[in-house]
Amino acid sequence: MTNASLYKSHLETMDRCLADALERAGAKGLALEGVLFHAGRAETYHVDDKEIPFESTPHFRRWVPLSGPEHVVLARPGRRPLVVRVNPRDYWYEAAPVAPSYWQESVQFAEVADFAEVAGVVGPLSGVAYVGNSPAAASELGIDVTLVEPEALMKPLDWHRAAKTAHEVALVEVAAQKAAEGHRVGRKAFEGGASEREIHYAYLQATGQLEHELPFETIIALDAKSATLHYHTKRGREAAPGKVFLLDAGASHEGYASDITRTWALPGVDPVFVELLEGVDELERALVAMVTPGRPYLEIHQEAHRRVAALLAKVGVSKASPEETLELGISRPFLPHGVGHHLGIQVHDIGGRQATPDGGLLPPPPEYPYLRNTRTLEPGHLVTIEPGIYFIPMLLEKLRESAAGARVDWALVDRLTPCGGIRIEDDVLCTPAGARDLTRPLIQGPRGA
Ligand SMILES: [Mn+2]
């Protein structure tokens with residue numbers, strides 16, 4: 001299928017989702033004829049004229065791959081979406097014409113020089129809700145404040161974001177190819193003795209992304225720093241070369257993100273750490289295979305803990321049996337984050353803990369408070385699977401003092417702590433036929449393949 005036909009069929013799905021969301025809002029007493037999606041209004045830092053890097057409203061971005069602030073999409077079921085691009089006449093910044101692209105033939109397109117002209121193009125907006133970051137913009141268009149992101153509308157819209165269309169999957173696949181190239185080059189740089197900062201530059205170059213185009217800040221950690229889950233410091237030559245390397249980084253394509261993590265160890269790293277690394281890579285693939293329709297995502301998280309507990313027992317970090325290691329909660333300080341999340345326009349895509357299309361929260365069980373996805377997988381769901389094992393001094397201290405601490409080999413833990421941590425992450429599509437790993441075919445893991 002061409003990009004244009006994928007997008008056309010994407011819009012058909014969007015139309016159905018919109019109709020469903022309006023019907024659900026109607027059932028709650030909110031009668032709506034359509035929704036105006038606003039790309040959003042750019043903001044500056046406090047008492048500064050420096051702009052905060054702009055990110056489009058995700059719901060806007062799902063309709064049209066147009067970057068920059070102020071544009072709108074007026075969406076009404078059964079009608080062609082009306083896209084109004086706001087392109088200021090301005091000699092400070094470049095105001096380029098929008099390049100011809102696959103999406104334009106499927107929408108009605110208009111261009112204005114100022115947001116104040118949008119109202120004239122879209123016409124009267126009675127019964128139209130506003131989705132975006134600026135109640136002021138809604139008011140400028142004459143939309144009542146009660147119709148700014150009303151919950152009865154937003155919950156079903158958020159819910160429907162989880163199931164990706166073929167068009168969206170294709171965009172994530174391009175984002176994955178860019179990130180995979182960055183990972184290959186990043187690994188080479190690490191093996192050549194590069195510093196965290198140098199690896200970061202190599203990653204940007206290889207992905208062809210500018211810093212602000214990345215879907216999230218790169219996590220580039222050598223040795224013990226790989227145990228800091230969101231390590232953003234980028235040390236220079238004073239902390240290179242390293243022996244263990246964790247790279248958690250993605251790329252963007254037309255507003256869609258990829259999110260990949262690999263961990264690598266050079267020869268000479270503690271063989272038990274290498275065994276853990278290969279073990280995590282192996283168990284990650286087993287968890288990926290669990291991304292099948294009808295399965296509660298929580299089951300994959302629980303299976304991750306079962307397998308991590310077994311691995312800790314196997315290498316001797318835990319002196320208890322695999323079952324006891326799990327029951328005593330010994331795996332938790334070693335894997336203190338959720339096994340993954342929804343992925344799409346947002347790296348942690350919205351709606352992961354929503355109970356039903358109409359709202360309600362499905363919180364994770366108390367022993368796993370950081371799990372971001374508690375939904376049941378459906379075809380089209382795109383999730384990350386990212387188990388890990390970390391030696392985090394702060395959490396290990398607590399474990400050491402607890403009753404379960406007596407069952408841990410602390411001499412071995414102390415020996416492994418300077419190695420840091422391990423995380424292996426792939427982006428996985430749930431299809432009617434089972435899991436489709438979008439990223440593993442592009443970038444191998446530490447066990448190869
Ligand atoms: Mn992730």
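The values are calculated or read from the model by the stated rules, or taken from the named source; none is laboratory data. Model, not experiment: these values are computed from the prediction. Because the Cβ atoms are built from the backbone with ideal geometry, glycine has one as well, and the counts that use them run over all protein chains shown.
Of the residues Gly360, Gly405, which is out of contact with any Leu (no Cβ under 9 Å at 6 or more places or on another chain) and surrounded by fewer than 19 Cβ atoms within 10 Å (Cβ to Cβ)?
Values: Gly405 fails: out of contact with any Leu (no Cβ under 9 Å at 6 or more places or on another chain).
Being out of contact with any Leu (no Cβ under 9 Å at 6 or more places or on another chain) and surrounded by fewer than 19 Cβ atoms within 10 Å (Cβ to Cβ) holds for just one of Gly360, Gly405, which is Gly360.
Does Val98 count as in contact with a strand residue (DSSP E or B) (Cβ under 9 Å, 6 or more places away or on another chain), surrounded by fewer than 18 Cβ atoms within 10 Å (Cβ to Cβ), under 30 Å from Asn373 (Cβ atoms) and not basic (Lys, Arg)? Write out each step before concluding.
Numbers: in contact with a strand residue (DSSP E or B) (Cβ under 9 Å, 6 or more places away or on another chain): yes; surrounded by fewer than 18 Cβ atoms within 10 Å (Cβ to Cβ): yes; under 30 Å from Asn373 (Cβ atoms): no; not basic (Lys, Arg): yes.
Against the criterion (in contact with a strand residue (DSSP E or B) (Cβ under 9 Å, 6 or more places away or on another chain), surrounded by fewer than 18 Cβ atoms within 10 Å (Cβ to Cβ), under 30 Å from Asn373 (Cβ atoms) and not basic (Lys, Arg)), Val98 does not qualify.
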- Only strands (runs of 3 or more DSSP E) wholly contained in the stretch 56-132 count here; list those with 3 or more residues that are in contact with a His (Cβ under 6 Å, 6 or more places away or on another chain) and small (Gly, Ala, Ser). none
- The one condition in (1) of a type outside the set (Gly, Ala, Ser); (2) surrounded by fewer than 24 Cβ atoms within 10 Å (Cβ to Cβ); (3) closer than 23 Å to Tyr203 by Cα; (4) more than 15 Å from the ligand (Cβ to nearest atom) that Arg295 fails to fulfil: (3)
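Taking the condition at pLDDT below 95 and assigned by TED's automatic domain parsing to the domain that holds Lys178, does Glu397 pass? Spell out how you get there, then give the answer.
On the way: at pLDDT below 95: no; assigned by TED's automatic domain parsing to the domain that holds Lys178: yes.
No, not satisfied.
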- Message: So, in the stretch 279-309, how many residues would count as being farther than 22 Å from Ala224 by Cα, part of a helix (DSSP H, G or I) and touching a Leu at 6+ places or on another chain (Cβ under 8 Å)?
- Response: 10
- Would you call Leu276 in the same structural domain as Pro393 (by TED's automatic domain parsing), more than 16 Å from the ligand (Cβ to nearest atom) and either farther than 30 Å from Ser318 by Cβ or part of a helix (DSSP H, G or I) (or both)? yes
- Under the condition of being in a helix (DSSP H, G or I), more than 19 Å from Ala227 (Cβ to Cβ) and touching a helix residue (DSSP H, G or I) at 6+ places or on another chain (Cβ under 7 Å), which residue from the stretch 325-355 is farthest from the ligand (Cβ to nearest atom)? Thr325
- Message: Can you tell me which condition Val413 does not meet? The list is (1) within 16 Å of the ligand (Cβ to nearest atom); (2) buried (at least 16 other Cβ atoms within 10 Å of the Cβ), and all the others hold.
- Response: (1)
